[in-house]
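Computed from the coordinates by the stated procedures, all read-outs in this text should not be read as laboratory data. What you are looking at is a predicted structure, and each value in this text was computed from that prediction instead of being measured. Heads up, the Cβs are rebuilt from the backbone with ideal geometry, glycines too, and the neighbour counts pull from every protein chain shown.
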């Protein structure tokens, strides 16, 4: 089994929080401009994309 070591610095946490705030702001704007259904659909799509990327890069379970 391969071991992946990831170090997270304070700057990495800040960037992650900033990116999360930006995505939420864009979804809120889509909610206001278009409709809640579109914003919910995009949000679900982003969650599935992130979960897929995590599954792709995580080690296989045997």
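It is to be established whether one or more residues within segment 11-22 are in contact with a helix residue (DSSP H, G or I) (Cβ under 9 Å, 6 or more places away or on another chain) and either in a helix (DSSP H, G or I) or exposed (fewer than 10 other Cβ atoms within 10 Å of the Cβ) (or both).
Scanning segment 11-22 turns up no residue that is in contact with a helix residue (DSSP H, G or I) (Cβ under 9 Å, 6 or more places away or on another chain) and either in a helix (DSSP H, G or I) or exposed (fewer than 10 other Cβ atoms within 10 Å of the Cβ) (or both).
Does segment 43-53 contain at least one residue that is in contact with a helix residue (DSSP H, G or I) (Cβ under 6 Å, 6 or more places away or on another chain) and either loosely packed, with under 10 Cβ neighbours inside 10 Å or part of a helix (DSSP H, G or I) (or both)?
Yes - at least one qualifying residue is present in segment 43-53.
Provide a single number: the residues in segment 23-38 that are part of a helix (DSSP H, G or I) and over 27 Å from residue 57 (Cα atoms).
Selection size over segment 23-38: 10.
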